[in-house]
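Everything on this sheet refers to the single structure shown next.
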Amino acid sequence: MNLILFGPPAAGKGTQAKRLVDERGMVQLSTGDMLRAAIASGSPLGERVKGIMERGELVSDAIVIALIEERLPETEAAGGAIFDGFPRTVAQAEALDSMLAGRNAKIDVVIRLRVNEHELLERISRRFAEQGRADDNPDAYAVRLKAYNDQTAPLLPYYAAQDKLVEVDGMGTVEAVAAEIDHALGPPPVAAAVG
Ligand code: AMP
């Protein structure tokens with residue numbers, strides 16, 4: 001199964017993706033994590049995206065599409081991928097559909113975590129205080145939220161038209177959100193259950 005965890009930054013996508021990895025043995029593909037790793041390693045790609053990410057802007061479609069394409073083969077062996085923070089534009093979504101189609105695969109479900117703006121701002125200021133991530137500062141976060149509203153939210157009708165969109169209330173505890181996601185996904189395949 002291939003699923004997309006969808007929602008604005010700080011909606012809880014990363015937290016839920018990691019849990020699904022632990023419980024279902026799927027592979028998490030987070031373009032944000034891949035880009036942060038590139039920056040940490042000091043690679044040319046990292047140098048190229050560092051300023052863009054610090055400002056809270058989106059990096060180019062070509063860069064993130066290439067990062068995802070490179071990682072798709074390993075997700076097949078694991079029985080599926082959790083896309084976290086990708087796709088973020090309609091062009092990325094179309095590229096993902098065609099990359100998967102080329103491998104006889106598809107997106108099965110898109111889980112949208114709904115969190116209101118007040119709660120997002122509280123979470124982000126807490127995370128900034130605890131982790132000090134540069135793009136969690138209030139100015140960069142405002143840019144990220146605008147990018148979500150302008151460029152990423154238009155994906156909702158794209159996936160709704162394909163009948164793949166499942167809405168989950170992301171305002172509850174991590175456990176409550178997890179329970180709603182599990183309900184939407186159904187039980188894990190027995191062979192994939194780990195731990
Ligand atoms: P995230 O950890 O998913 O919030 O991503 C952190 C930052 O990485 C974003 O604010 C963007 O600058 C960049 N980024 C991550 N994923 C994408 C993507 N799919 N498209 C464009 N930029 C991305």
* **Accessible area per residue, Å², the stretch 1-126 with all protein chains present, probe 1.4 Å** => 44
* Calculate the spin-label point distance for Asp139 paired with Lys106, positioning each point 7 Å from the Cα along the beta-carbon direction, and give it in nanometres. => 4.6
* Asked: What FRET efficiency comes out for the pair Thr173/Arg48, r = Cβ-Cβ distance, R0 = 30 Å, nearest 0.05?
  -> 0.20
* Return P(r) of the chain (all Cα-Cα pairs; 5 Å bins starting at 0; whole %; ordered from short to long distances). => 1, 7, 16, 21, 21, 18, 11, 5, 1, 0
* List every residue whose amide H lies under 5 Å from the amide H of Gln28, counting only residues 5 or more places away in sequence or on a different chain, with H placed 1.01 Å from N in the peptide plane. => Ile82
* Structure fact -> Partner lysines whose C-alpha sits under 28 Å from that of Lys146, ignoring same-chain residues fewer than 8 away, are Lys13, Lys18, Lys50, Lys164
* With each pseudo-label sitting 7 Å past Cα toward Cβ, what's the Tyr158-Glu57 distance in nm, one decimal? -> 2.0
* Asked: What's the longest bit of the chain with no exposed trypsin sites (Lys or Arg not before Pro), using DSSP loop states and at most 14 other Cβ atoms within 10 Å as the test?
  -> 1-102
* Asked: Taking only protein heavy atoms and a 1.4 Å probe, what accessible area per residue, in Å², does the stretch 129-195 have with all protein chains in place?
  -> 58
* **Spatial separation of Cα centroids for the stretch 2-44 and the stretch 55-100, in angstrom** => 11
* Structure fact -> P(r) of the stretch 63-170 over all Cα-Cα pairs, 10 Å bins starting at 0, rounded to whole percent, reads 12, 39, 33, 16, 1
* Arg123 versus Ser41: modelled label distance in nm, points set 7 Å from Cα along the beta carbon direction -> 2.9
* Where the accessible area of the stretch 1-135 is counted over protein heavy atoms with a 1.4 Å probe, how much of it, in %, is carbon and sulfur? -> 51
* Asked: Where does the chain land at 222 nm, in deg cm²/dmol rounded to the nearest 500, when only DSSP H runs of n ≥ 4 count, each adding -39500 (n - 2.57), divided by all residues?
  -> -17000 deg cm²/dmol
* Asked: For the stretch 91-151, what is the convex hull volume of its Cα atoms per residue in Å³?
  -> 119
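The values are calculated or read from the model by the stated rules, or taken from the named source; none is laboratory data. Keep in mind that this is a model prediction, so the values were computed, not measured. Cβ sites come from the backbone with ideal geometry, for glycine too, and all protein chains shown count toward neighbours. For accessibility, only protein heavy atoms count, side chains too; no ligands or nucleic acids. Shrake-Rupley method; radii C 1.70, N 1.55, O 1.52, S 1.80 Å.
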